[in-house]
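*Asks:* This is the structure, below, for whatever I ask next.
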Amino acid sequence: MHVTAQPRSHAGPAESHLPSLTGALIIVVTTMFLARVMFTPIFESRLFQMIPDKGAVAVVFWQGASAATSYLFLFSGFALAWSVRPGEKARRFWWRRFLELYPTHLVTLVAAIVLFTFVPMFPVDYGVAVLNGALLHAWFPQLEIWTSFNSSSWVVSCEALFALCFPVLMALIGRIRPERLWAWTGGVVAVIYLVPLAATALPDHLAAPYPGHEFTQVPDSQFWFVTKFPPVRMLEFVLGILLARIVRTGRRLPLGVGGATLLLVVSYAVAPLFPLTYPMVAVMAVPMGLVIAALAAADGAGRRGWLNSRVMVWLGGVSWAFYLWSLLVLNAGVALLDGGFGVPAGIAVVALLLGITLLLSWLQCTLIQGPIMRRFAAPRRHPDADPGLVPAGSDGPRT
């Protein structure tokens with residue numbers, strides 16, 4: 001099925017929302033949560049003891065976490081490009097994006113330091129804490145640095161680079177003629193597929209095993225380069241920006257929501273058959289991007305579905321906080337539990353921890369993030385019209 005999105009010059013207050021993509025976020029972060037449960041020893045040994053082939057189940061969960069991370073980066077680029085404010089100066093964008101990303105990171109970092117201080121699960125290295133607080137930890141290949149404290153926050157380290165580069169990226173991509181957008185998109189996809197091959201030039205030792213290394217057998221340096229290194233993950237962010245422009249300018253999409261979802265499912269199933277680190281990013285990037293574009297086009301056409309229902313959109317709204325709190329809640333649960341439970345009790349414990357994570361996420365958004373955004377990120381009554389991310393009233397010159 002082919003879909004042609006209706007072109008719109010700029011996102012206004014109502015048009016800037018992407019309800020289906022927002023609703024899908026809660027599925028993404030819940031997938032990550034369940035994957036972490038699978039690789040938490042206390043649950044792996046007790047909750048999954050009845051599974052005959054735990055290795056196959058682990059691969060499914062691992063692949064799900066990898067695909068979910070791709071969604072986050074693609075969605076980030078797509079959403080920022082979709083809702084870009086005409087005439088907004090770069091420094092104003094950076095300030096707003098900082099407020100969107102950093103407060104939750106800081107709160108969860110402090111919570112992690114407190115947790116690891118009183119529950120000695122991991123050593124507390126305050127030098128590494130400075131790197132983590134400065135959002136530089138994903139730039140280091142050492143496992144003990146990029147996984148430090150709240151190891152989920154390596155994603156925030158990547159997003160900081162994306163935000164810094166976004167004004168320049170948006171200006172450059174905004175100059176591409178609509179009829180050339182698919183060619184540029186194909187070029188970015190080609191680079192994404194070359195990354196795992198380039199990673200083979202890195203040292204092949206396995207200095208520190210990471211969760212899942214026992215079945216991926218990918219050296220730690222290659223794993224970090226392909227899945228954590230911010231400049232590499234920015235390729236998916238750029239792909240998201242390109243797809244947003246494709247939908248915005250009314251370019252024809254090769255697949256609708258159903259076809260793109262089917263392609264995603266097939267790619268998910270065959271991903272483990274690919275060698276090296278291809279299953280971790282490259283195999284899922286294209287189908288995931290097509291799903292995002294198709295859902296955005298469907299939203300633009302006013303189609304209703306369960307993903308853009310009020311409940312799903314609300315859950316998606318707290319998903320960023322959910323993502324950053326999830327591993328801390330699991331670590332705290334592991335520290336407090338003795339592991340003496342069977343399968344039914346294990347399922348109940350996981351459900352309880354899931355509920356606690358959702359509660360903390362809601363409190364974070366209601367008591368901290370929401371007030372900060374209303375107080376410090378509200379648009380000015382008379383915005384500066386100097387050239388910023390996108391010139392006011394235009395889609396930028398074409399090249």
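The values are calculated or read from the model by the stated rules, or taken from the named source; none is laboratory data. Please read these numbers as outputs of a predicted model, since none were measured by experiment. Cβ placement follows ideal geometry from the backbone for every residue including glycine, while neighbour counts extend to all protein chains displayed. Ligands, DNA and RNA are stripped out before the accessible areas are found, and what is left, the full protein with its side chains, is counted by its heavy atoms. Shrake-Rupley method; radii C 1.70, N 1.55, O 1.52, S 1.80 Å.
*Asks:* Any chance you could check the Cα centroid distance between segment 97-112 and segment 301-368 for me, in angstrom?
*Replies:* After rounding, the separation between the Cα centres reads 17 Å.
*Asks:* Determine, from the Cβ-Cβ distance of LEU363 and TRP95 and an R0 of 25 Å, the FRET efficiency 1/(1 + (r/R0)^6), rounded to the nearest 0.05. Each step should come with its number before you reach the end.
*Replies:* Values: r = 25 Å, r/R0 = 0.98.
Here the calculated transfer efficiency is 0.55.
*Asks:* Residues of segment 271-302 with backbone nitrogen within less than 20 Å of a virtual label 7 Å along the Cα-to-Cβ line of PHE39, please, listed as ranges.
*Replies:* Within reach of a label on PHE39: 271-285.
*Asks:* Per residue of segment 79-85, in order, report the coupling 6.51 cos²θ - 1.76 cosθ + 1.60 (Karplus, θ = phi - 60°) as ³J(HN,Hα) in whole Hz, putting x for Gly and Pro.
*Replies:* Values, residue by residue: 5, 5, 5, 5, 9, 4, 9 Hz.
*Asks:* Show the residues, 5+ positions off or on another chain, whose built amide H is closer than 5 Å to the amide H of GLU88.
*Replies:* Counting only residues 5 or more places away or on other chains, the set is LEU389, VAL390.
*Asks:* Can you tell me the FRET efficiency between VAL114 and TRP306 if r is taken as the Cβ-Cβ distance and R0 is 35 Å, rounded to the nearest 0.05? Provide the component values of the computation, followed by the final result.
*Replies:* On the way: r = 38 Å, r/R0 = 1.10.
Efficiency for this residue pair is about 0.35.
*Asks:* Here's something else I'd like to know. Each residue of segment 155-166 in order: what ³J(HN,Hα) in whole Hz does its phi give by Karplus 6.51 cos²θ - 1.76 cosθ + 1.60, θ = phi - 60°, with x for Gly and Pro?
*Replies:* Per residue, the Karplus-derived 3J(HN,Hα) values read 5, 5, 4, 5, 4, 5, 5, 4, 5, 4, 8, 4 Hz.
*Asks:* With θ taken as phi - 60° and the coefficients 6.51, -1.76 and 1.60, list the Karplus ³J(HN,Hα) couplings across segment 29-38 in order, rounded to whole Hz; mark glycine and proline as x.
*Replies:* 6, 5, 4, 5, 4, 5, 5, 5, 4, 4
*Asks:* Give me the distance in nm between label points sitting 7 Å out from Cα along the Cα-to-Cβ direction at ALA269 and LEU336, one decimal.
*Replies:* Modelled inter-label distance: 4.1 nm.
*Asks:* Now, a different point. Which far-off residues, 5 or more places away or on another chain, put their amide H under 5 Å from the one on LEU253, with H placed in the peptide plane?
*Replies:* Correct list: VAL3, THR4, ALA5.
*Asks:* Ranked from the most accessible area to the least, with a 1.4 Å probe and all protein chains present, what is the order of LEU273, LEU136, LEU360? Present the calculation step by step, with values, prior to reporting the outcome.
*Replies:* Values: LEU273 145, LEU136 80, LEU360 55 Å².
Heavy-atom accessible area, descending, gives LEU273, LEU136, LEU360.
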